[in-house]
Each structure stands twice: as structure tokens, then as C-alpha cells.
1. Given R₀ = 41 Å, FRET efficiency for Met121-Glu55 by Cβ-Cβ distance, to 0.05?
2. Based on the Cβ-Cβ distance of Thr68 and Met38, what FRET efficiency does E = 1/(1 + (r/R0)^6) give at R0 = 25 Å, to the nearest 0.05?
3. With just the Cα atoms of segment 86-133, tell me how far they stretch along each of the three principal axes, in Å, largest first.
4. Would you mind calculating the gained length between Val46 and Ala94 on full extension (0.36 nm times residue separation, minus the Cα-Cα distance), in nm to one decimal?
5. By how many nm would the segment from Glu137 to Ala12 lengthen if fully extended, with 0.36 nm per residue of separation less the alpha-carbon distance?
Amino acid sequence: DILRSLLDEAIATAANKQSNDNDSRQPSDPLSYFPPAMAFHSFTGVSEHVTRILELETALYDHMKVPTEERRPICYFGFSHLINFIMCSSEKSARKGRDAIRAIPLDRILVESDVPTSEDMRLGTAGSIAFIASVREMSLDHVAKITAV
């Protein structure tokens with residue numbers, strides 16, 4: 001598990017830094033070794049991957065003893081109409097992709113255009129919004145507002 005390895009390495013590095021560093025002003029927490037956010041571009045994983053990624057995020061916060069009310073999302077999942085809908089080669093992979101989208105908290109979903117030209121960007125983004133709205137059984141307006149932030 002590459003993400004678990006990253007977490008373990010960040011924790012070990014932070015612990016080592018803390019024990020070998022006399023300057024208490026230096027960051028000594030694993031969160032400082034991660035970017036402020038991570039986006040999984042054109043996510044093609046399944047719902048189990050979503051669950052494991054979000055559990056890893058929780059484990060990171062738990063390890064740091066960050067109170068629940070102070071936790072912010074770190075992991076986001078992007079979807080494009082082209083990659084996640086048009087290029088699905090089987091009903092099984094399409095179903096697994098839809099299940100993954102349903103497993104993601106709404107505030108973690110990113111819509112992506114993933115088109116080759118800037119002229120097609122609006123259409124590609126609209127296609128992503130329509131795809132997410134269809135899977136989540138929500139209105140286009142609602143998904144557009146949630147993902148516009």
C-alpha cells in the first residue's frame with residue numbers, strides 16, 4: 001500500500017526529527033510532510049480504495065491526536081466524463097466506478113474536463129457534472145454548486 005508506506009515514513013521521519021532536533025520550533029508532525037491536499041486525478045479506483053484512502057487520512061489525524069472539529073479534508077477524488085464514463089470498457093468496470101463515486105463524501109468530489117483543447121473545457125466539465133449527478137441521483141445544479149468550490 002503506497003499511501004500507508006507514505007504515512008509510516010512521515011511518522012518515522014517526524015519522530016526521528018523530534019528526537020534528534022533540539023530546536024522545538026521545527027515541525028515534528030507527520031502532517032508537515034504531506035501537501036495540504038491531495039487530488040486523485042481521474043480516479044479509477046473502486047469503493048474499497050476510497051474507503052482505504054479515507055481511513056488512512058483518519059489514521060493520520062488520529063496519530064496526531066487532532067480533534068475531530070479541527071480536521072480538514074486532505075484527499076479529493078476527481079472524475080471526468082471522458083475517462084470515467086466514455087472510456088469504461090465493461091459494465092462491470094462502469095458499475096465499480098459508480099460505486100466508488102457513491103462512496104466518496106460529496107465535499108471530496110472534483111469534476112474535471114480532461115479534454116485536449118480549451119474550447120472543449122466547458123463541455124467536458126458539464127459532462128463530468130452530469131455524470132456525477134446521474135450517479136448520485138442529484139440535480140445538475142446541486143452538483144455544480146457543490147463542486148464549484
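No value in this document is a laboratory result; all are computed from the given coordinates. Bear in mind the structure is a predicted one, so any value in this text is a computation, not a measurement. Because the Cβ atoms are built from the backbone with ideal geometry, glycine has one as well, and the counts that use them run over all protein chains shown.
1. Details: r = 34 Å, r/R0 = 0.83.
E(calc), rounded to 0.05, equals 0.75.
2. Calculated transfer efficiency: 0.80.
3. That works out to 31, 28, 13 Å along the principal axes.
4. Details: separation 48, 0.36 × 48 = 17.28 nm, distance 1.00 nm.
Using 0.36 nm per residue and subtracting the Cα-Cα distance, I get 16.3 nm.
5. Details: separation 125, 0.36 × 125 = 45.00 nm, distance 4.31 nm.
Here the segment from Glu137 to Ala12 would lengthen by 40.7 nm.
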